[in-house]
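Here's the structure, in structure tokens; my notes come after.
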Amino acid sequence: MSSSPRMVVMGRWEPDAQGRLGQAAMELYLERGFDQTTVADIAERAGLTERTFFRHFADKREVLFGGQELLHDCVTKAIAAVPDSTEPIEVMAAALDAVTEMIGNRPEFSRQRQAVIAAHAALQERELIKLASLAATSAEALRGRGVPDPAASLTAEVGIAAFKVGFVCWVESDQQRSLSGYVRDALDELKAVMAGR
């Protein structure tokens with residue numbers, strides 16, 4: 001007796017399962033809300049099993065917050081690659097350029113993700129924790145370059161604050177400009193404030 005084609009596909013090969021699950025989750029979060037969406041709902045919408053979901057995501061929040069290790073690695077490498085003579089704030093700007101290049105090529109996902117997070121207090125808290133963790137990683141990488149504290153911590157914190165402001169401006173815009181442009185604008189505003197202009 002032969003298996004149905006669906007069972008064969010699910011058992012042996014799931015083309016872009018992670019992408020399908022992510023898209024299904026985002027659709028459902030926007031339609032129903034985060035709390036009203038279950039893993040079973042996501043798997044069903046994607047045409048996959050719950051078991052497959054858990055192979056790709058630890059829980060339904062990870063659809064929104066996955067890839068954090070890659071982001072930290074990106075920041076650490078970018079900070080290490082900047083020439084030694086570079087001022088700390090410019091080192092942080094280079095790190096943010098690397099981050100925006102990594103995440104700025106998915107504007108619709110970013111806009112949807114922001115809408116889901118903005119509608120849910122616990123997800124907002126998780127986003128703040130994620131940004132704080134990225135600031136801590138940045139500060140550690142700056143200290144590794146010889147930037148002392150409190151300068152390393154302050155530079156990392158204000159850099160991440162500029163990223164946050166630039167990111168929100170980008171997702172709320174028509175996105176004709178790059179994410180990097182908005183983050184650079186926020187950094188320039190910050191420099192102007194610090195210079196007393």
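The values are calculated or read from the model by the stated rules, or taken from the named source; none is laboratory data. Remember, predicted model here, so these are calculated numbers, not experimental data. Cβ coordinates were reconstructed from backbone atoms using ideal geometry, including for glycine residues, and neighbour counts include every protein chain displayed.
What residue, of Ile42, Ile79, is surrounded by 13 or more Cβ atoms within 10 Å (Cβ to Cβ), among the aliphatic types (A, V, I, L, M), in the same structural domain as Ala141 (by TED's automatic domain parsing) and modelled with pLDDT of 95 or more?
Working: Ile42 fails: in the same structural domain as Ala141 (by TED's automatic domain parsing).
Within the list Ile42, Ile79, the selection yields Ile79.
Out of the residues in the stretch 23-46 that are without any contact (Cβ under 8 Å) to a residue 60 or more places away in the chain and among the small types (Gly, Ala, Ser), state the one that is nearest to Ala122 (Cα to Cα).
Of the residues in the stretch 23-46, the ones without any contact (Cβ under 8 Å) to a residue 60 or more places away in the chain are 23-25, 27-28, 31-32, 36-46.
Next cut, among the small types (Gly, Ala, Ser) only: 24-25, 40, 43, 46.
Values: Ala24: 21, Ala25: 17, Ala40: 21, Ala43: 23, Ala46: 25 Å.
Filtering first and then ranking leaves Ala25.
Checking the condition in contact with a helix residue (DSSP H, G or I) (Cβ under 6 Å, 6 or more places away or on another chain) and among the small types (Gly, Ala, Ser), which residue from Ala192, Ala94, Ala118, Ala136 passes? Even if it seems obvious, please write down each step before you answer.
Details: Ala192 fails: in contact with a helix residue (DSSP H, G or I) (Cβ under 6 Å, 6 or more places away or on another chain); Ala118 fails: in contact with a helix residue (DSSP H, G or I) (Cβ under 6 Å, 6 or more places away or on another chain); Ala136 fails: in contact with a helix residue (DSSP H, G or I) (Cβ under 6 Å, 6 or more places away or on another chain).
So the residue among Ala192, Ala94, Ala118, Ala136 that is in contact with a helix residue (DSSP H, G or I) (Cβ under 6 Å, 6 or more places away or on another chain) and among the small types (Gly, Ala, Ser) is Ala94.
Among the residues of the stretch 63-71, is any in contact with a Ser or Thr (Cβ under 8 Å, 6 or more places away or on another chain) and surrounded by 15 or more Cβ atoms within 10 Å (Cβ to Cβ)?
Kept after step one, since they are in contact with a Ser or Thr (Cβ under 8 Å, 6 or more places away or on another chain), are these residues of the stretch 63-71: 68.
Now restrict to residues that are surrounded by 15 or more Cβ atoms within 10 Å (Cβ to Cβ): none.
No, the stretch 63-71 has no match at all.
Exactly one condition in (1) at pLDDT 95 or above; (2) loosely packed, with under 15 Cβ neighbours inside 10 Å; (3) not assigned by TED's automatic domain parsing to the domain that holds Val165 is false for Gly19; which is it?
Going through the list (1) at pLDDT 95 or above; (2) loosely packed, with under 15 Cβ neighbours inside 10 Å; (3) not assigned by TED's automatic domain parsing to the domain that holds Val165, Gly19 breaks only (1).
So, Ser173, is that one among the polar types (S, T, N, Q) and not in a helix (DSSP H, G or I) or not?
Numbers: among the polar types (S, T, N, Q): yes; not in a helix (DSSP H, G or I): yes.
Criteria met by Ser173.
If you go through the stretch 144-152 one residue at a time, do you hit one that is surrounded by 14 or more Cβ atoms within 10 Å (Cβ to Cβ), in contact with a His (Cβ under 8 Å, 6 or more places away or on another chain) and assigned by TED's automatic domain parsing to the domain that holds Ile79? It would help to see each step written out before you state the result.
Quick first cut of the stretch 144-152, residues surrounded by 14 or more Cβ atoms within 10 Å (Cβ to Cβ) only: 145, 147, 151-152.
Restricting the remaining residues to those that are in contact with a His (Cβ under 8 Å, 6 or more places away or on another chain) gives none.
No, every residue in the stretch 144-152 fails to be surrounded by 14 or more Cβ atoms within 10 Å (Cβ to Cβ), in contact with a His (Cβ under 8 Å, 6 or more places away or on another chain) and assigned by TED's automatic domain parsing to the domain that holds Ile79.
Determine which member of the set Leu134, Leu179, Leu142 is at pLDDT 95 or above and within 20 Å of Gly67 (Cα to Cα).
From the options Leu134, Leu179, Leu142, the qualifying one is Leu134.
Could you tell me whether any residue of the stretch 139-146 is touching a residue at least 60 places away in the same chain (Cβ under 8 Å) and under 15 Å from the mean Cα position of the chain (by Cα)?
no
Would the stretch 92-114 turn up any residue that is assigned to a loop (DSSP other than H, G, I, E, B) and more than 12 Å from the chain's Cα centre (by Cα)? Step through it out loud before you land on a result.
First, pick out the residues of the stretch 92-114 that are assigned to a loop (DSSP other than H, G, I, E, B): 104-106.
Next, from what is left, pick out any that are more than 12 Å from the chain's Cα centre (by Cα): none.
No, the stretch 92-114 contains no residue that is assigned to a loop (DSSP other than H, G, I, E, B) and more than 12 Å from the chain's Cα centre (by Cα).
Taking only the stretch 63-84 into account, find how many residues are in a helix (DSSP H, G or I) and under 11 Å from the mean Cα position of the chain (by Cα). Working first, answer last.
To start, the set of residues in the stretch 63-84 that are in a helix (DSSP H, G or I) comprises 63-65, 68-81.
Narrowing further to those that are under 11 Å from the mean Cα position of the chain (by Cα): 63-65, 68-72.
Number satisfying all stated conditions: 8.
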